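Student: Following this message is one structure expressed as structure tokens.
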Amino acid sequence: MRGIKEALLPIAAIAVALLVFGIVVWFAGVNPAQVWLLLFKGAFGDWYSWQNTLQRAAPLMLTALCVALPARAGLVIIGGEGAFVLGGLACAALAQEMPLPPNIAGTWAVCLAGAAAGGLWIMLAGWLRQFRGINETISSLLLAYVAIGLFKHIVEGPLRDPASLNKPSTFALAEGLQISGIGGSDVHWGFVLDVIACIASALWLRWTPSGFSVRVVGGNLRTAQLMGLPASRLVLLACGLGGASAGLAGAVEVAAVHTSANASLIAGYGYSGILVSFIARHQPLAVIPVAVVFGGFGAAGSLLQRRLGLPDASVLLLQGIAFVMILASEALRDFDWKAFWAARNRHTRVPAPITRANVGEEVNA
């Protein structure tokens, strides 16, 4: 019964978000039924829509892991955008500054460079929390802005391709280092890598001693300390793996989609990953379908703009409403309705009429 409740609450939250979004567009003079239909068509209506959806879902999976893995250790990290852009920057920088073999080994090298950059960046937020007592939510968010500033400075300065005039970018990756599409489609092999990363994260948390220890630290820090677990080391491990996931997502975007590091990389995937992780309740396996759904919302944005004249960014409003609904559902998840109604009935119960017998009983008592 509890498992069904765990699954139904996020679904109900998304359904309510779609309903509220329909009311908002209705006030804008647009038929909500058309909006809902186009959202479905733009996300899952045909093979082209599916390709667009899965391509957008790929980075969301890994940026969601950047939130989910530290959350299992008791931290709220929301700075995945910083790890994401630094991962893309590290990928482009390594390919530009070092001679790499134009084969799969070189591709793995640039991807691992992105993962290392992202992991170290988020570990910094974990270190500030554990050893300096700085709130990790605030520090990770501020570090994200620092990372974006650093990204722009390096892309528009030391690593800039002189041929990139209106849109500064690094040199393009060699063709042998790029990640190709699956069977010639727009869905690149990075999507498969992202799915594997989610499955591996779930197996790590479930079946390994270190993953179990991370869950113990996140569940009850005092208990973990009494058991002799190295809490600080485990927190840094969770932050490092989460940041590495976001950094890998940035590297894959460069190697598979943009072919160079430029401003297009700052697309808000790190922030959308927060929403995906919360809806999935920080469960790596649940991240996969949730990322696909929200990738579909992003893919349908241009269709809403072309067909109904809605802004392309209207899907961001839908995501914001969904986030509020998810927070509300979390508040209701553990609410004890039986105790609430029992207390309410006690306070609203009609008192018995005062009679001579009642007065006599009270006096005798």
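Student: Which condition from (1) within 28 Å of P230 (Cα to Cα); (2) surrounded by fewer than 19 Cβ atoms within 10 Å (Cβ to Cβ) is the one that P99 breaks?
Tutor: Only one criterion is unmet by P99, namely (1).
Student: Here's another thing I want to ask about it. Determine, yes or no, whether P59 is surrounded by fewer than 21 Cβ atoms within 10 Å (Cβ to Cβ) and in contact with a helix residue (DSSP H, G or I) (Cβ under 7 Å, 6 or more places away or on another chain).
Tutor: On the way: surrounded by fewer than 21 Cβ atoms within 10 Å (Cβ to Cβ): no; in contact with a helix residue (DSSP H, G or I) (Cβ under 7 Å, 6 or more places away or on another chain): yes.
The answer is no for P59.
Student: Scan the stretch 261-289 for residues that are farther than 20 Å from V214 by Cβ and either surrounded by fewer than 24 Cβ atoms within 10 Å (Cβ to Cβ) or among the basic types (K, R) (or both) and jot them down.
Tutor: N262, A263, S264, I266, A267, G268, Y271, L275, I288, P289
Student: Which condition breaks for L19 when tested against (1) modelled with pLDDT under 90; (2) part of a helix (DSSP H, G or I); (3) more than 22 Å from the chain's Cα centre (by Cα)?
Tutor: Condition not satisfied by L19: (1).
Student: Write out, first by first residue and then by second, each pair whose Cβ atoms fall under 6 Å of each other, whose residues are 6+ apart or on separate chains, and whose first residue, in the stretch 103-132, is within 18 Å of E81 (Cβ to Cβ) while the second is at pLDDT below 95 and not in a helix (DSSP H, G or I).
Tutor: L128/I134
Student: Examine the stretch 332-355 for a residue that is touching a strand residue (DSSP E or B) at 6+ places or on another chain (Cβ under 7 Å) and either modelled with pLDDT of 70 or more or surrounded by fewer than 19 Cβ atoms within 10 Å (Cβ to Cβ) (or both), and state whether such a residue exists.
Tutor: Initially, the stretch 332-355 is screened for residues touching a strand residue (DSSP E or B) at 6+ places or on another chain (Cβ under 7 Å), giving none.
So far as the stretch 332-355 goes, no, none of its residues is touching a strand residue (DSSP E or B) at 6+ places or on another chain (Cβ under 7 Å) and either modelled with pLDDT of 70 or more or surrounded by fewer than 19 Cβ atoms within 10 Å (Cβ to Cβ) (or both).
Student: Determine, yes or no, whether L112 is crowded, with 20+ Cβ neighbours inside 10 Å and more than 30 Å from L310 (Cβ to Cβ).
Tutor: Details: crowded, with 20+ Cβ neighbours inside 10 Å: no; more than 30 Å from L310 (Cβ to Cβ): yes.
The answer is no for L112.
Student: Okay, next question. If you check W36, W26, which single one turns out to be over 25 Å from the mean Cα position of the chain (by Cα), of a type in the set (F, W, Y) and assigned to a helix (DSSP H, G or I)? Let's see the steps before the verdict.
Tutor: Numbers: W36 fails: over 25 Å from the mean Cα position of the chain (by Cα).
Exactly one of W36, W26 is over 25 Å from the mean Cα position of the chain (by Cα), of a type in the set (F, W, Y) and assigned to a helix (DSSP H, G or I), namely W26.
Student: State whether one or more residues within the stretch 151-159 are loosely packed, with under 15 Cβ neighbours inside 10 Å, modelled with pLDDT under 95 and of a type in the set (A, V, I, L, M, F, W, C).
Tutor: No: the stretch 151-159 contains no residue that is loosely packed, with under 15 Cβ neighbours inside 10 Å, modelled with pLDDT under 95 and of a type in the set (A, V, I, L, M, F, W, C).
Student: Would you confirm, using the coordinates I've provided, whether I122 is at pLDDT 95 or above and closer than 21 Å to V235 by Cβ? Step through it out loud before you land on a result.
Tutor: On the way: at pLDDT 95 or above: yes; closer than 21 Å to V235 by Cβ: yes.
For I122, the condition - at pLDDT 95 or above and closer than 21 Å to V235 by Cβ - is met.
Student: Kindly indicate which of V25, V76 is hydrophobic (A, V, I, L, M, F, W, C) and closer than 30 Å to A224 by Cα.
Tutor: Working: V25 fails: closer than 30 Å to A224 by Cα.
After applying the criteria, what remains is V76.
Student: Can you find, within the stretch 125-138, the residue that is farthest from S232 (Cα to Cα) among those that are in a helix (DSSP H, G or I) and of a type in the set (A, V, I, L, M)? Outline the logic, then answer.
Tutor: Kept after step one, since they are in a helix (DSSP H, G or I), are these residues of the stretch 125-138: 125-132, 136-138.
Adding the requirement that they be of a type in the set (A, V, I, L, M) leaves 125, 128, 138.
Details: A125: 12, L128: 11, I138: 19 Å.
Applying the filter and picking the extreme gives I138.
Student: What are the residue pairs meeting all of these: first residue in the stretch 17-44, first residue more than 15 Å from S302 (Cβ to Cβ) and touching a residue at least 60 places away in the same chain (Cβ under 8 Å), second residue surrounded by fewer than 19 Cβ atoms within 10 Å (Cβ to Cβ) and basic (K, R), Cβ atoms under 8 Å, and 6 or more apart or on different chains?
Tutor: Q34/R307
Student: Hey, among the residues in the stretch 173-230 that are charged (D, E, K, R) and under 23 Å from P289 (Cβ atoms), which one's surrounded by the most Cβ atoms within 10 Å (Cβ to Cβ)?
Tutor: Taking the stretch 173-230 as the starting set, the residues that turn out to be charged (D, E, K, R) are 175, 186, 194, 206, 215, 222.
Among the residues that remain, those that are also under 23 Å from P289 (Cβ atoms) are: 186, 194, 206, 215.
Numbers: D186: 15, D194: 28, R206: 12, R215: 17.
It comes out as D194.
Quick grid of which residues meet (1) at pLDDT below 90; (2) among the basic types (K, R); (3) under 23 Å from the mean Cα position of the chain (by Cα); (4) assigned to a helix (DSSP H, G or I):
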residue: S164; (1), (2), (3), (4): yes, no, no, no
residue: D186; (1), (2), (3), (4): yes, no, yes, no
residue: A202; (1), (2), (3), (4): no, no, yes, yes
residue: R222; (1), (2), (3), (4): yes, yes, no, yes
residue: G228; (1), (2), (3), (4): yes, no, no, no
residue: L237; (1), (2), (3), (4): no, no, yes, yes
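Student: Restricting attention to the stretch 277-294, does a residue exist that is more than 30 Å from C91 (Cβ to Cβ), in contact (Cβ under 8 Å) with a residue 60 or more places away in the chain and not in a helix (DSSP H, G or I)?
Tutor: Filtering the stretch 277-294 down to residues more than 30 Å from C91 (Cβ to Cβ) leaves 281.
From what's left, in contact (Cβ under 8 Å) with a residue 60 or more places away in the chain: 281.
Narrowing the set further to residues that are not in a helix (DSSP H, G or I) leaves 281.
Yes, the conditions are met somewhere in the stretch 277-294.
The values are calculated or read from the model by the stated rules, or taken from the named source; none is laboratory data. This is a predicted model, so every value here is computed, not measured. Cβ sites come from the backbone with ideal geometry, for glycine too, and all protein chains shown count toward neighbours.
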